[in-house]
Structure formats: C-alpha cells, structure tokens
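Student: One structure coming up, written as structure tokens, with questions to follow.
What follows is calculated from the coordinates using simple rules that are stated; it is not laboratory data. Just so you know, these numbers come straight off a predicted model, no measurement behind them. Note that we place each Cβ from the backbone using ideal geometry, even for glycine, and neighbour counts take in every protein chain shown.
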Amino acid sequence: MKAPIKRTLIVGNWKMHLNVSQSSLLVQRLHKHVAGHRDIEVVIAPSMLTLQPLSLQIDRRRFRLAAQNANAQDEGALTGEVSFSMLRNIVHYVIIGHSERRIYFKESYKDVQEKVGASIRNGITPIICVGETAGEHKAGETNQILHDQVTSALGNLTLEEVKSVVIAYEPVWAISNFGGTLAKPDSIGKSIKYIRRQIEALYGEEASQEVRILYGGSVNEDIAAGYLSIDGCDGLLIGGASLNYHKFSGIIDAAYRNNRTQ
Ligand code: PGA
C-alpha cells in the first residue's frame, strides 16, 4: 500500500514553564522564523493559562496550539479543572498520557482512555504519549507496555477516529526530566514499527499508515534530523529544547530540510 502523505508535526511542550508574557515574547520571536509551510505543522503547548491569549496572538497558518491536559468530563463540580469542551476552538491538539502525568499524577490507562474519548468528542486531536520506563526497558518489556498503552488508549474509538489520532513514542528514560539517556534511532524505529503493527492488527493497514507517530525524548537541534529520518517517524514532541528560541527554531529548520530531501 502506498504511504499516505502526512504533514510533519513539530510539537513544543512547554510544561509548567514560561508565564503569559514570556510565552508571548517567545511566540513573537518564533513568528519571524516560522514560515507557513504546507508540509510542516508547528504546534505549541503552553500552560493552560496562556492558551487563550496565545490563541489571539498566533497566526494560525504558522502555528497551532495544544493543551497539555484536560478533564474528561465536559462540566461539573471539579474545582481547579478545565474540560476539553472549554478548549474547543482554542486548541487543535491535546497531549494525553504524558509520562509526567502517568507518574506524578497517577493517571491510569482508564483515565487516558477517557481523555482520548473526550478530546475526540470535542473535536480536538489527541497526541497520546506512550513509552516504557527504564526498568521496563531493561526487563525487555517494551513491546508489552506499548501494546497495552496503545490498545487501551484507542479502545473506545471507531476506525475513522483511530485514523485521526497522533501517538508520541516517548521512552520515559529518554525524557530529560527522567534521566535523558539518548535513544538510538534504530531502536526508536523498531518501537514505531511495533506500534504500527499493533494498530494494523486491530484496525487494518490503512489506519496503521494514517496514524501519525512522533518521537519524543531529549531531542535538540543537533540530533533532530537523525530522528526525523527514521522510517515511519512523522515528527517530534520536544520538551526542554522548545523553551529556547535558537534550539526550537533549529529543530524546525531540521524538519524543513528533512522534508525537502524526501
Ligand atoms: P524533553 O521532554 O525533550 O525535555 O526530554 C520531552 C517530553 O517530555 O515530551
């Protein structure tokens, strides 16, 4: 089957960094650098507080916004929470199941599944993070973990919904916050292939080709090109380096160059 044409996704996860004015300044600088590009989507995931002002500031031909989390219920007496329905028309994407949320906030497979359902119900594309811990990696359990995380996250979706999701493979041990060991592109390639095989087994070949799969974990401007050229890798989810103008623009440049050489 001929591989579908997909836009490369470059997602900057700003985590709990940058206040509203710092975010606005960084976006202003990035605007000058990021050209509207047919084949590349640059997505910024700032803090919840910053989404609304940035949604008014950004040129949507150049940037899209992602939330880093939301509550699976559309409304309710849930002090401190923000729902996916409140994020409609503000964000295009939402990051779900990031390892920091699974580990620090004890998000279960069921929580992730419900959030994926709520995001789709509200017209927001989920970026579902999956990946094994260092212990699971050492114990040879990577494929089992990927299988369980992927199948449960997609469990309640229709075939058409599955085709629209984004999956980010982020081995926990490669994320800078959890050690930041550099992952070898060939082992990342194997895991991406494994994820596609799971989707193919459950939803067929077309779905497995259409789902975009990103890599995330300590990517910087020097090594971005190596990860982007992995077969089946459709983009990057970047943490620390996306907070720095030079590093983030270097990664975006690497994506432009990679697309030109394809
Ligand atoms: P990092 O974070 O690039 O700082 O390792 C990646 C992530 O948490 O998505």
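Student: When Lys and Arg each count +1 and Asp and Glu each count -1, what net charge do the other residues less than 11 Å away from Ser242, Cβ to Cβ, add up to?
Tutor: Values: positive: Lys15, Lys247; negative: Glu221.
Here the count lands on +1.
Student: Can you show me the helix-derived [θ] at 222 nm for the chain, built from DSSP H runs with n ≥ 4 at -39,500 (n - 2.57) apiece and divided by the number of residues, rounded to the nearest 500.
Tutor: Using -39500 (n - 2.57) per qualifying helix, the result is -13000 deg cm²/dmol.
Student: Restricting attention to segment 67-123, which chymotrypsin sites (Phe, Trp or Tyr not before Pro) occupy a DSSP loop and are surrounded by at most 12 other Cβ atoms within 10 Å?
Tutor: Filter output for segment 67-123: Phe105.
Student: Out of segment 19-103, which GluC sites (Glu not before Pro) are coil in DSSP terms and have no more than 16 other C-beta atoms within 10 Å?
Tutor: Answer by residue number: Glu75, Glu81.
Student: Moving on to the next point. Using the Cβ atoms and a cut-off under 14 Å, what net charge is assigned to the surroundings of Ala118, where Lys and Arg are +1 and Asp and Glu are -1?
Tutor: Working: positive: Arg88, Lys110, Lys115, Arg121; negative: Asp74, Glu75, Glu81, Glu107, Asp111, Glu114, Glu161.
So the environment of Ala118 carries a net charge of -3.
Student: Counting residues in segment 72-161 as N, plug N into 2.2 N^0.38 Å and put the Cα Rg over that result.
Tutor: Normalised Rg, Cα atoms only: 1.16.
Student: Let me ask something else about it. Determine how many Å³ per residue the convex hull of the Cα atoms of segment 112-262 encloses.
Tutor: Working: hull volume 17.7 nm³, N = 151.
Value for segment 112-262: 117 Å³ per residue.
Student: Once you list every other residue whose beta carbon is under 11 Å from the beta carbon of Asp148, what net charge do they have if Lys and Arg are +1 and Asp and Glu are -1?
Tutor: On the way: positive: none; negative: Glu132, Glu136, Glu141.
The answer is -3.
Student: For segment 155-169 and segment 212-262, what is the centre-to-centre distance using only Cα atoms, to the nearest Å?
Tutor: Computed from Cα coordinates, the inter-centre distance equals 23 Å.
Student: Any idea what the alpha-carbon Rg over 2.2 N^0.38 Å comes to for the chain?
Tutor: For the chain, the normalised Cα radius of gyration comes out at 0.94.
Student: Roughly how many nanometres apart are two label points built 7 Å out from the Cα toward the Cβ at Phe105 and Leu202?
Tutor: According to this spin-label approximation, the distance is 2.2 nm.
Student: Work out how much length His17 to Arg88 would gain on full extension: take 0.36 nm times their residue separation and subtract the Cα-Cα distance, in nm to one decimal.
Tutor: Extending this stretch completely gives an extra 23.3 nm.
Student: Would you be so kind as to identify which of Leu159, Ala225, His98 lies farthest towards the positive end of the dipole of the chain, taking Lys and Arg as +1 and Asp and Glu as -1 on Cβ and the Cα centre as origin?
Tutor: Farthest towards the positive end: Ala225.
Student: By how many nm would the segment from Gln52 to Arg121 lengthen if fully extended, with 0.36 nm per residue of separation less the alpha-carbon distance?
Tutor: 22.8 nm
Student: To continue, here is another question. Take the Cα gyration tensor of segment 1-108, multiply each eigenvalue by 5, square-root it, and list the three semi-axes largest first, rounded to whole angstrom.
Tutor: After scaling each eigenvalue by five and taking roots: 25, 19, 13 Å.
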